[in-house]
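Notes follow once the structure below has been shown.
The values are calculated or read from the model by the stated rules, or taken from the named source; none is laboratory data. Being a predicted model, the structure only gives us computed values, none of them experimental. In case anyone asks, the SASA skips ligands and DNA or RNA and just uses the protein heavy atoms, side chains included. Shrake-Rupley method; radii C 1.70, N 1.55, O 1.52, S 1.80 Å.
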Amino acid sequence: MKQTILTSLDMAARISVLVLALVLAAFIAVAGARTAHAASLKPDVVLDQGALTVGHLFDNAGRNAAYILGPGPDAGETLTLNASSLLRIAMALDLDWRPDSPTDKITVTRAATIIPTSDVESALEEKLGEQGLTGNFSAYINGTNQDIVLPADQAATVEIDEMRYDPRTSTFTATVYAPSRDKSTVKLPVSGQVRQMISVPVLKAALRNGDLIGMNDLDFIEMYVKDIGTDVITDAEKLVNMTPRRVAIAGQPVRSMDIQRPELVSRGKNVTIIFKTGPMMLTATGRALQNGANGDLVRVTNLASNIQVDAVVTGSHEVTVTE
């Protein structure tokens, strides 16, 4: 009898274990199937056209994928949906999705054709040239950002019309049409400044007093005319055969006060004095009482006679007296 009871208890335990295993297996199967069909949040989205749908936000959205949530952002604009907004959408449509953290979000961007301000300014410069403005110049639109945003399926082109230029103030007004005047999505009135530019000679390398400036020592940079001081040298010929007063810095505009004619005669140093009288020429040794560059009139002392005379500097350590 005792053996029969034990056998019965053992059989009941086995049945219980079997039932538990079957229930657990069924639970795992159901959970696995649910996980396989759970919705998942997509990466950030770029919309080419049309409205924003559930399928743009979630994978495995099922029959709700085509459900329209509303219009997408304007061309070039973005819309960010945070975890709270996404949860409300999922619960309203009975989607099997919950945020992993409060920081979950998705950003939706509308694709667009962007025409940068620099391209618009280039078109304005071309129009100004067609109207007769010459020289090296740049057009600058007033305002911090005048980028033009068009739908993604439109060309990145602009057309300029109604251009008016005032040479007295170097200002302009115009109307910008994009992508063209006949088929304009954007009509933008603009105003701005025309900045004339000029090539300014600068030194390739720093030079010191006594170094003669040659044409090979010069480079050129572009500068706006209004930014150039009245004493800045813009003619390269005026720098050739000159020397810096102290040190001239490479790459910077040179002012007239920064250079001088090279000193050929130094005060207190001996010079050769050339006396010219008609066809006759005599030489003597003298001492310079002043510094002088080529063509300067300086005072010198004839060391033979101790007489002071005025002479013109004509060479290195050389002065000439004519009658």
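See the values below:
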| quantity | calculated |
| --- | --- |
| Degrees between helix 117-130 axis and first principal axis of the chain (Cα, 0 to 90, nearest 10) | 50 degrees |
| Protein accessible area in segment 69-194, 1.4 Å probe - carbon and sulfur % | 47 percent |
| Eligible lysines near K187 by straight Cα distance, threshold 22 Å, same-chain separation 8 or greater | K127 |
| Among [x] 68, 45, 37; [y] 80, 56, 48; [z] 159, 69, 26, the entry that matches Cα extents along the principal axes in Å as calculated here | [z] |
| Accessible surface, 1.4 Å probe, highest first, among residues T285, T320 | T285, T320 |
| Segment 49-205: equivalent-ellipsoid semi-axes (sqrt of 5 x gyration tensor eigenvalues, Cα, Å) | 48, 19, 11 |
| Per residue accessible area of the chain, 1.4 Å probe, in Å² | 63 Å² |
| Accessible-area ranking of H56, H317, largest first, probe 1.4 Å | H317, H56 |
| Cα long-axis angle, helix 2-36 against the chain (0 to 90 degrees, to the nearest 10) | 40 degrees |
| Relative contact order %, segment 81-190, counting alpha carbon pairs below 8 Å whose residues are six or more apart | 20 percent |
| Between helix 83-92 and the chain: long-axis angle, C-alpha atoms, 0 to 90°, nearest 10 | 30 degrees |
| Nonlocal amide H pairs with L69, under 5 Å, H built at 1.01 Å | L52, T53, V54 |
| Long-range Cα-Cα pairs in segment 138-260 (distance over 20 Å), rounded percent | 59 percent |
